[in-house]
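Scroll down for the structure; my scribbles are underneath it.
The values are calculated or read from the model by the stated rules, or taken from the named source; none is laboratory data. Predicted model, so just to flag it, every value in this text is computed and none were measured. Neighbour counts run over all protein chains shown; Cβ positions are idealised from the backbone, glycine included.
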Amino acid sequence: MAKAKKAAVSVSKFLKDAVNARLHDEAGMMKYPIIMECMLPVFEGSKLIRAPGKLTLQPEGAHWRVKLDCPTEVLSLTFAAQSLADCFDDLERHLASGTAIWSPGWKKNGRQLPTIDDII
């Protein structure tokens with residue numbers, strides 16, 4: 001059976017430049033270089049070689065829970081901040097200190113988790 005050819009996709013005029021659009025945040029890079037390194041995707045030409053990170057802020061009890069996920073490295077960091085106004089500064093200092101404790105993340109692979117009856 002022959003493989004079907006992919007249909008050519010026509011791109012609207014207003015979207016032609018969107019393909020090469022990249023986040024360019026000089027102020028963020030100057031103030032938070034480590035956070036930005038975790039957050040920004042890395043491309044080699046048009047190929048994505050490092051997926052962008054994900055930053056989640058959530059109130060939890062008497063503090064803010066800041067979660068930083070790095071999907072390509074499959075690592076996750078959870079950090080408690082006392083003030084929403086200072087959470088980025090605190091996170092940047094924590095990452096720069098070298099004392100941040102990273103946890104292994106999870107990759108979605110579609111397979112079911114093993115059960116107690118499965119052969120290991």
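Right, Ser76: closer than 19 Å to Tyr32 by Cα and touching a Ser or Thr at 6+ places or on another chain (Cβ under 6 Å) or not?
Values: closer than 19 Å to Tyr32 by Cα: yes; touching a Ser or Thr at 6+ places or on another chain (Cβ under 6 Å): yes.
Considered against the rule, which asks whether it is closer than 19 Å to Tyr32 by Cα and touching a Ser or Thr at 6+ places or on another chain (Cβ under 6 Å), Ser76 comes out as yes.
Restricting to the range 7-60, and then to whatever is farther than 19 Å from Glu92 by Cβ, part of a loop (DSSP other than H, G, I, E, B) and of a type in the set (A, V, I, L, M, F, W, C), can you tell me which residue is modelled with the highest pLDDT?
In this case the residue turns out to be Ala51.
With Leu68, Leu91 as the choices, which residue is in a strand (DSSP E or B) and at pLDDT 90 or above?
Leu68
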